[in-house]
Amino acid sequence: MRGASVRILGGGGEVGRLSILVKLKDSKEGIIVDSGVNFDEEDRPIFSSTYPPRYVNAIVLSHAHLDHIATAPMYFISETPRVYATKPTSRMAKLMLEDFLKLNGYFSPYEHYEVKRLLENVETIRFGQMVGVGNGTYTLEFYSAGHIPGSVFTVVNAGDIRVGITGDVNTIETKLMKPAQLDVIGRLDVLVTEATYGSTLHPPRRKAEERLRHIVEEVIDSGGTVLIPAFSIARGQEIMMVLAERDYGVPVYVDGMIRQVTEIFMESREYINNFSLLKKAYEEFRMVQGWRDRNKAWRTPSIIISSAGMLKGGPSLYYLKRMGQNPRNAIVLVSFQAPGSNGRKIVEEGVMPSGEPVRARVEWIDFSSHADWKGLASIVEKTRPSKVIIVHSEVDVAREYARRLTSLYDVDVIIGENEKEYVFEP
Ligand SMILES: [Zn+2]
Ligand SMILES: [Zn+2]
């Protein structure tokens with residue numbers, strides 16, 4: 001009987017910067033699942049810890065968000081470990097890591113060369129696939145995590161211990177995503193779970209969609225323009241799909257990195273829930289090609305879906321500066337807004353980045369791509385682990401989620417701490 005250990009290299013008591021090492025208890029060699037970054041108040045990257053690259057049998061990238069991948073190229077400074085990722089994840093990882101280096105190259109210990117080496121070492125995986133790693137020491141299994149297209153829920157079989165790692169996970173159906181494949185994972189010994197929303201409930205998606213359509217109709221009817229700042233990956237495309245169901249009688253523009261990601265999704269049919277709706281949006285909406293288009297889009301009644309989702313930069317910030325002073329317009333936020341971001345400031349303080357008051361209507365709708373606490377609990381219900389490690393969560397939220405879990409199930413709950421290693425015996 002062989003035990004296994006789980007070490008938290010990042011994501012303990014914090015949302016993001018996830019990195020998990022799973023290995024046999026007495027072995028040096030192991031599997032890394034995710035290797036991400038966080039950002040400090042000045043928007044500088046904080047990298048997760050790494051494990052000596054020569055002992056890394058494989059790196060799994062659960063999905064392409066920077067808080068799961070942007071430390072991973074560090075492993076390619078001295079070694080070339082095998083990387084497992086789905087096709088959409090590896091294609092988006094290229095886009096995201098190159099953009100990350102453009103903005104943060106000064107702070108980064110790796111360069112484009114290491115990103116290239118990482119991408120060259122990707123072995124493409126599919127949902128339901130099993131792979132042996134380290135001469136069969138470990139078996140990896142991959143299931144859909146329901147978070148964004150291509151996101152995986154990873155199971156690492158180490159000795160006699162079956163460890164499941166959610167990555168980021170969603171358990172509800174949206175137009176873009178089918179829910180996580182919880183019914184086929186089977187029983188786990190240890191569940192390493194994200195708990196971003198471990199103490200909250202999201203409104204039903206249908207309600208969020210209705211509210212968005214209603215606001216858009218009101219603003220367009222009164223001759224205004226709607227700006228919808230959205231994350232480039234998944235949120236932007238989901239909003240496109242919600243709007244494609246109806247004709248609002250005005251052009252819909254799509255701007256920023258959302259465009260490139262939409263092109264990747266158009267070639268990732270098997271990872272999209274309602275592909276024909278995405279196709280309709282892609283064909284009918286106008287992709288903003290440059291400054292001439294951009295300068296035209298906001299001047300007449302229209303709907304503009306644009307990155308960046310928190311108005312930190314990108315074309316959405318350009319549009320905000322031009323549209324935010326007109327009371328006929330609306331800014332509809334559909335993404336998480338970090339404290340201190342421009343998006344949070346217009347919602348909570350009603351001020352533009354310039355400090356002037358916002359005169360446009362401001363709305364914030366919850367379209368989260370993370371499971372809420374009941375969704376998270378359903379993962380425990382279906383995989384019946386004896387131990388749960390909570391990561392990718394604020395400490396207070398993790399404590400509250402732990403309390404709820406232990407009141408519902410017969411399970412030991414650990415609030416994961418960075419740099420700690422937890423050992424499990426069969
Ligand atoms: Zn994340
Ligand atoms: Zn994510």
(message) Sorting check: for 157-166, 243-252, 60-69, which peptide has the highest mean count of neighbouring beta carbons within 10 Å, and how do the rest follow?
(response) 60-69, 157-166, 243-252
(request) Enumerate the residues in region 160-199 having an amide nitrogen under 14 Å from the point lying 7 Å beyond the Cα of residue 374 toward its Cβ. (result) 171-173, 199
(message) Report the gain in length on full extension from residue 103 to residue 246: 0.36 nm times residue separation, minus Cα-Cα distance, nm rounded to one decimal.
(response) 47.8 nm
(request) Find out how many positive minus negative residues lie around residue 200, taking Lys and Arg as positive, Asp and Glu as negative, among other residues whose Cβ is under 11 Å from that of residue 200. (result) -2
(request) Take every Cα-Cα distance within region 9-158, group them into 5 Å bins from 0 onward, and report for each bin the whole-number percent of pairs it holds. (result) 2, 10, 21, 24, 22, 14, 6, 2, 0
(request) Go ahead and collect, in residue order, the members of region 141-176 whose backbone nitrogen is under 19 Å from a label point 7 Å along the Cα-Cβ direction of residue 25. (result) 156-164
(request) Would you mind calculating the relative contact order of the chain from Cα pairs under 8 angstrom and at least 6 residues apart, reporting the percent as a whole number? (result) 20 percent
(message) To test your reading of the geometry: what angle, between 0 and 90 degrees and rounded to tens, separates the Cα axis of helix 373-383 from the longest principal axis of the chain?
(response) 30 degrees
(request) Given the peptides 178-191, 78-91, arrange them by the average over their residues of other C-beta atoms within 10 Å, most packed first. (result) 78-91, 178-191
(request) Consider all pairwise Cα distances in the chain and report the whole-number % of them above 31 Å. (result) 38 percent
(message) With every protein chain kept in place and ligands, DNA and RNA left out, what is the accessible area per residue of region 205-364? Probe 1.4 Å, answer in Å².
(response) 43 Å²
(message) Residue by residue through region 46-53, what is 3J(HN,Hα) from phi via Karplus (6.51 cos²θ - 1.76 cosθ + 1.60, θ = phi - 60°)? Round to whole Hz and write x for glycine and proline.
(response) 10, 7, 7, 5, 10, 10, x, x
(message) Please report the spacing between the Cα centers of region 87-106 and region 128-191 in Å, no decimals.
(response) 24 Å
(request) Work out, step by step, the length gained on full extension between residue 120 and residue 417: first 0.36 nm times the residue separation, then minus their alpha carbon distance; give nm to one decimal. (result) 103.7 nm
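Please calculate how many Å² of accessible area region 1-56 carries per residue, with a 1.4 Å probe and no DNA, RNA or ligand atoms counted. Please report the intermediate quantities before stating the final value.
Values: 2190 Å² over 56 residues.
About 39 Å² of surface per residue is accessible.
What FRET efficiency would be calculated for the residue pair residue 80, residue 283, taking the C-beta separation as r and a Förster radius of 35 Å, to the nearest 0.05? Please list the in-between numbers first.
On the way: r = 41 Å, r/R0 = 1.16.
That pair, residue 80 with residue 283, gives E of 0.30.
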(request) Treating only the Cβ atoms of Lys and Arg (+1) and Asp and Glu (-1) as charged, compute the dipole magnitude of the chain about its Cα centre; round to the nearest 20 debye. (result) 820 debye
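Can you check how the C-alpha radius of gyration of region 205-364 compares to 2.2 N^0.38 Å, as a plain ratio? Can you show the working numbers first?
Values: Rg = 14.6 Å, N = 160, 2.2 N^0.38 = 15.1 Å.
Taking the Cα Rg and dividing by 2.2 N^0.38 Å, one obtains 0.96.
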(request) Just the number, please: carbon plus sulfur as a percent of the accessible area of the chain, 1.4 Å probe, no ligands or DNA/RNA counted. (result) 46 percent
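Sorting 106, 51 by accessible area (1.4 Å probe), largest first, what list results?
On the way: 106 200, 51 20 Å².
Of 106, 51, the descending order of accessible area is 106, 51.
The values are calculated or read from the model by the stated rules, or taken from the named source; none is laboratory data. Because the structure is predicted, anything quoted here is derived from the model rather than measured. Methodologically, a virtual Cβ is constructed for each residue, glycine included, from the backbone with ideal geometry; neighbour enumeration extends over all protein chains shown. Remember, those area values only see protein heavy atoms, side chains included, never the ligands or the DNA or RNA. Shrake-Rupley method; radii C 1.70, N 1.55, O 1.52, S 1.80 Å.
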